[in-house]
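Read through the structure below, which is laid out as structure tokens, and then see the notes.
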Ligand code: SAM
């Protein structure tokens, strides 16, 4: 079987099908086998692993995932590509290519089909849609064991940011509430065709056990509101969201957060404490 993730094989496939990379689909094809193998090894955790791949492109990562996994289900939006994949992956019997926008996929339906396997997600993500894709997975509540995905380095830094750093924001807090996140591979820009303007990073997300008393439909807006205007104090942002600055002062004091701090200095545990403090009152407000 010929390795797809090399400069010469990629060029050969693109020329054979008269293909060009479509920018609006975020197409940058991997041409470095070593990187592709590392991603696959991090993504596939057992030999009874079913991998959902987002955007197989011409099959560079798919081919390597198929080597390690029991089964690969690859969702591709570009209608030119199923024909190409049927050719490039002709020797991979455990790959199923589906022409479909990943945003339309029902993840619960897939995980229900494989109750005895580890279902994981892997991708070299189309950069234009990184955050919506991850939040679709986070919010699906499907039984996904882990997510291993490549994204633009700057975006990865936001997901993975620690408190008090310049990249720490609502996205970091919410992601770290839902998952344990870590960087597993650094990827330079010169391993793609076409070469993007930025470096990339592969992050791995493992779902945490959920805190059963936290209603995400209240917790997530609270976190987002506290970061609404970065230069403002937490009192100002939080007070505006509550529409009651005096109450905001009391809540912050009750949980030991100085009202003059900014949200970027607050830990996940502090946000959870603030949530728990307001939750009872909020229920009363809603039910009145
Ligand atoms: N996996 C290939 C690789 O690593 O060489 C291609 C990665 S390329 C960065 C992103 C791929 O995602 C492209 O093939 C693109 O057509 C596909 N794509 C873009 N938006 C998509 C969507 N909403 N659903 C499924 N695939 C999508």
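The values are calculated or read from the model by the stated rules, or taken from the named source; none is laboratory data. Remember, it's a predicted structure, so these values are computed and weren't measured experimentally. FYI the Cβ positions are ideal-geometry reconstructions off the backbone, even for glycines, and counts take in every protein chain you see.
Checking each residue in region 20-44 for being in a loop (DSSP other than H, G, I, E, B) and surrounded by fewer than 17 Cβ atoms within 10 Å (Cβ to Cβ) picks out 20, 21, 22.
On the given criteria, is residue 78 within 24 Å of residue 25 (Cα to Cα), in contact with a strand residue (DSSP E or B) (Cβ under 9 Å, 6 or more places away or on another chain), surrounded by 15 or more Cβ atoms within 10 Å (Cβ to Cβ) and outside the structural domain of residue 220 (by TED's automatic domain parsing)?
So residue 78 fits the description; yes.
Checked against (1) at pLDDT 95 or above; (2) away from the ligand (no atom under 16 Å from the Cβ), residue 45 meets all criteria but (1).
For region 91-125, taking the residues that are within 16 Å of the ligand (Cβ to nearest atom) and in a loop (DSSP other than H, G, I, E, B), the one that is nearest to the chain's Cα centre (by Cα) is identified as 125. Is there a residue being assigned to a strand (DSSP E or B), surrounded by 15 or more Cβ atoms within 10 Å (Cβ to Cβ), at pLDDT 95 or above and assigned by TED's automatic domain parsing to the domain that holds residue 116 anywhere in region 151-169? Looking through region 151-169, at least one residue is assigned to a strand (DSSP E or B), surrounded by 15 or more Cβ atoms within 10 Å (Cβ to Cβ), at pLDDT 95 or above and assigned by TED's automatic domain parsing to the domain that holds residue 116. Residues in region 57-90 that are near the ligand (Cβ under 7 Å from one of its atoms) and assigned to a loop (DSSP other than H, G, I, E, B): 57, 58, 77, 78. Checked against (1) part of a loop (DSSP other than H, G, I, E, B); (2) without any contact (Cβ under 8 Å) to a residue 24 or more places away in the chain; (3) touching a helix residue (DSSP H, G or I) at 6+ places or on another chain (Cβ under 6 Å), residue 239 passes all but condition (1).
Is at least one residue of region 62-74 in contact (Cβ under 8 Å) with a residue 60 or more places away in the chain and touching a strand residue (DSSP E or B) at 6+ places or on another chain (Cβ under 9 Å)? The answer is yes; a qualifying residue exists. I need the full set of residues from region 142-171 which are closer than 16 Å to residue 102 by Cα and out of contact with any helix residue (DSSP H, G or I) (no Cβ under 7 Å at 6 or more places or on another chain), in order please. Selection gives 149 alone. Do we find a residue being within 22 Å of residue 183 (Cβ to Cβ), near the ligand (Cβ under 8 Å from one of its atoms) and in contact with a strand residue (DSSP E or B) (Cβ under 6 Å, 6 or more places away or on another chain) anywhere in region 126-139? So far as region 126-139 goes, yes, one or more of its residues are within 22 Å of residue 183 (Cβ to Cβ), near the ligand (Cβ under 8 Å from one of its atoms) and in contact with a strand residue (DSSP E or B) (Cβ under 6 Å, 6 or more places away or on another chain). When restricted to residues that are surrounded by fewer than 16 Cβ atoms within 10 Å (Cβ to Cβ) and either on the phi > 0 side of the Ramachandran plot or more than 12 Å from the chain's Cα centre (by Cα) (or both), region 126-142 contains 3.
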